[in-house]
């Protein structure tokens, strides 16, 4: 058997390519199981370290000595950065489906917020502001990557409501936090002292990794209902484009320009840019798909005719 070794490993599927389909399928399943177990081991360790860090953070907030407290919080932050590295490991993320990536990235965003909280309790306002801005940009970029990775209706059924809620709620809350920090930064030192006298202390943060079960509402989220309504009027690619519009408005502008150009050629006088700007994301995405599919059909017809 002539086997090539690459990077210290033998490609068994290549080596056994002449064997039965069942054997090759079994090798693939074993490889997937090993990969899953590797992911599981890394994330179990990372999550355990995260819980330790949050418990340590909670204890540090009880210290009366400011120097000891800051030293302990610095240690907590180091632990959180280590956890974050595992959750955002690009190699692990690349081997995860779109839905799995979203859940993994949501964990990383929560870890990022915990890191920001460590800066805030130390009154490092500039660092808090910078990292909040970076986190919002990261969430938008991550969301786009996940959407572009989506390849099936089943994935889209899960991702659309989830990502819609991130855009309408999570990012809004982070923006509110950022605006508050920016306001604190703009105040003169005299005003900050007055606010401290009224009990406003930016270092008073509730550090908890527990979920309050009483806050959970047993009802269908509005994002799910909206998606179900849109799904009745659209198809996979149109729905995915509508999700992209939420995080990449310039893409919608590109679509509007394309539609207006195609509409002009076809004699649809009402589909001008000014009208398209007033249209819903649903309408723009569906119109783009209509003209795009029609163009592709024309290209195929011309190619067949020329042959």
* Structure fact -> Row for segment 248-299, column shape: gyration tensor on C-alpha, a ≥ b ≥ c, rounded if a/c < 1.5 i.e. under 1.5, prolate if a/b over b/c, else oblate; value oblate
* Where the Cα atoms of segment 50-109 are projected onto their three principal axes, how long is each span, largest first, in whole Å? -> 47, 15, 14
* Asked: Quick one: if you stick a label point 7 Å off each Cα along the C-beta vector at residue 182 and residue 237, how many nm between them?
  -> 3.9
* Simple spin-label estimate for residue 66 and residue 157 in nanometres, 7 Å along Cα-Cβ -> 5.7
* **Pair residue 172, residue 273: separation of 7 Å Cα→Cβ label points (nm)** => 3.1
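Where a number appears in this text, it was derived from the coordinates with a stated rule and is not lab data. What you are looking at is a predicted structure, and each value in this text was computed from that prediction instead of being measured. Reconstructed Cβ throughout: ideal geometry from the backbone, glycine too, with neighbour counts over all protein chains shown.
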